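The values are calculated or read from the model by the stated rules, or taken from the named source; none is laboratory data. Since we're looking at a predicted model, the values are computed, not measured. Cβ sites come from the backbone with ideal geometry, for glycine too, and all protein chains shown count toward neighbours. Only protein heavy atoms, including side chains, enter the accessible area calculation; ligands, DNA and RNA are left aside. Shrake-Rupley method; radii C 1.70, N 1.55, O 1.52, S 1.80 Å.
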Amino acid sequence: HCLAVRVVCQREIDCDRGNGYSWKITLLRNYWKSKVKQEWLNGKYSNIPSQFSLPEKSMYPMDVDTWGEILEAELDR
């Protein structure tokens, strides 16, 4: 699970590990974020008609850099 999460959230994982979090805490902090981020990066939520069309679990607290990655992926589509 750790390696799968790191593929999507490498920057976040490296930051947490650099801040001294254990692998378990790092995984817990980033697991759901990686799932949501991967769906956004894969374009699952591209071209939605409104915010009401988003599934409830499509949002997760993410930092500015993560949203920047998602927006760049959208611009590249």
How many residues does segment 40-62 hold that are open to solvent by 60 Å² or more (accessible area, probe 1.4 Å) and either modelled with pLDDT of 85 or more or closer than 14 Å to residue 10 by Cα (or both)?
2
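Quickly run through segment 17-38 and pick out the residues that are in contact with a Ser or Thr (Cβ under 8 Å, 6 or more places away or on another chain) and under 13 Å from residue 66 (Cβ atoms).
Taking segment 17-38 and keeping what is in contact with a Ser or Thr (Cβ under 8 Å, 6 or more places away or on another chain), we get 17, 33, 36-37.
Listed by number, the residues that qualify are 33, 36, 37.
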Quickly run through segment 6-47 and pick out the residues that are in contact with a helix residue (DSSP H, G or I) (Cβ under 7 Å, 6 or more places away or on another chain), over 16 Å from residue 63 (Cα atoms) and touching a residue at least 24 places away in the same chain (Cβ under 8 Å).
27, 46
What's the number of the condition residue 69 fails, among (1) under 16 Å from the mean Cα position of the chain (by Cα); (2) loosely packed, with under 12 Cβ neighbours inside 10 Å; (3) acidic (Asp, Glu)?
(2)
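Search segment 9-39 for residues being among the hydrophobic types (A, V, I, L, M, F, W, C) and part of a helix (DSSP H, G or I), and hand back the single one that is surrounded by the most Cβ atoms within 10 Å (Cβ to Cβ).
Among those residues, the one meeting the criterion is 13.
Filter segment 50-74 down to the residues that are out of contact with any Phe, Trp or Tyr (no Cβ under 7 Å at 6 or more places or on another chain), assigned to a helix (DSSP H, G or I) and of a type outside the set (Gly, Ala, Ser) and list them by number. If you could, list the steps in order and put the result at the bottom.
Pass one, segment 50-74, residues out of contact with any Phe, Trp or Tyr (no Cβ under 7 Å at 6 or more places or on another chain): 50-53, 55-57, 59, 61-69, 71-74.
In the following step, the residues that additionally are assigned to a helix (DSSP H, G or I) were identified as 51-53, 56-57, 64-69, 71-74.
Result: 51, 52, 56, 57, 64, 65, 66, 67, 69, 71, 72, 74.
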